[in-house]
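For reference, the structure discussed in these notes is given below.
The values are calculated or read from the model by the stated rules, or taken from the named source; none is laboratory data. No experiment lies behind these values; they were computed from the predicted model shown. Cβ: placed from backbone, ideal geometry, glycine included. Neighbour counts: every protein chain shown.
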């Protein structure tokens, strides 16, 4: 609720000692967002600091902004997210104990990460993924959702890692989301779900094979810090 001019005087000038200020084209601040670009430019002229405005930047017609990126993540449009971020969208965390259904019941063991609804949660469903563990990269499929087939109530992120057989409970992993495959669906039972997961795995392996060079590049450390 700080008035815009008070913010300029007390924060920008007195606390920071601003001389040159760079802001985005849609920047606004202060009570009721009264401090817009024109206001800042007038204040700068009167109080001895310059104001430079960064114009909007577009990538293939998409505005490069955090708002647009959040929108695309929510829609599951990971290829477009990558264009704006310059890398794949990634979730990370320590592997948690799940319901122990993936391996024994379905034949597809999973590494489970906690994910909260208030996080920047991607569209619910199944994704082709790249899993990074202990400096190595593995392909996989990820389901983000509530497990409606088993009447689940808690949001979870469960990844089946290809060609992998290690105990990684409590270990940190990173998961790059490469492509959205399908939305979350309630199946008639474990058998139908397992059959669908098998199809998801087949499709995911094909995606990974077709984009092998790009996938290898995405695994470089500079993209996963």
task: Go through the residues of the stretch 49-57 one by one and say whether even a single one is in contact (Cβ under 8 Å) with a residue 24 or more places away in the chain and in a helix (DSSP H, G or I).
output: no
query: Does at least one position in the stretch 95-118 carry a residue that is closer than 30 Å to residue 60 by Cβ, touching a residue at least 60 places away in the same chain (Cβ under 8 Å), assigned by TED's automatic domain parsing to the domain that holds residue 195 and in a strand (DSSP E or B)?
result: no
message: Please go through the stretch 160-189 and give me each residue that is over 20 Å from residue 93 (Cβ atoms), out of contact with any strand residue (DSSP E or B) (no Cβ under 6 Å at 6 or more places or on another chain) and at pLDDT 90 or above, ordered by number.
response: 163
- prompt: Residues of the stretch 124-159 being in contact with a strand residue (DSSP E or B) (Cβ under 7 Å, 6 or more places away or on another chain) and farther than 25 Å from residue 191 by Cα, which ones?
  reply: 130, 131, 132, 133, 137, 138
- prompt: If residue 32 satisfies every condition in (1) within 24 Å of the chain's Cα centre (by Cα); (2) at pLDDT below 95 but one, which is the exception?
  reply: (1)
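Is one or more of the residues making up the stretch 82-94 without any contact (Cβ under 8 Å) to a residue 24 or more places away in the chain and touching a strand residue (DSSP E or B) at 6+ places or on another chain (Cβ under 8 Å)?
Within the stretch 82-94, one or more residues are without any contact (Cβ under 8 Å) to a residue 24 or more places away in the chain and touching a strand residue (DSSP E or B) at 6+ places or on another chain (Cβ under 8 Å).
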- prompt: Is it fair to say residue 199 is out of contact with any helix residue (DSSP H, G or I) (no Cβ under 9 Å at 6 or more places or on another chain), within 20 Å of residue 97 (Cβ to Cβ) and modelled with pLDDT of 85 or more?
  reply: no
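Here's the yes/no breakdown for (1) loosely packed, with under 14 Cβ neighbours inside 10 Å; (2) in the same structural domain as residue 200 (by TED's automatic domain parsing); (3) within 28 Å of residue 133 (Cα to Cα); (4) over 24 Å from the mean Cα position of the chain (by Cα):
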{"position": "10", "(1), (2), (3), (4)": "yes, no, no, yes"}
{"position": "13", "(1), (2), (3), (4)": "no, no, no, yes"}
{"position": "16", "(1), (2), (3), (4)": "yes, no, no, yes"}
{"position": "48", "(1), (2), (3), (4)": "yes, no, no, yes"}
{"position": "60", "(1), (2), (3), (4)": "yes, no, no, no"}
{"position": "70", "(1), (2), (3), (4)": "yes, no, yes, no"}
{"position": "81", "(1), (2), (3), (4)": "no, yes, yes, no"}
message: Looking only at residues that are touching a helix residue (DSSP H, G or I) at 6+ places or on another chain (Cβ under 7 Å) and crowded, with 17+ Cβ neighbours inside 10 Å in the stretch 24-40, which one is nearest to residue 65 (Cα to Cα)?
response: 29
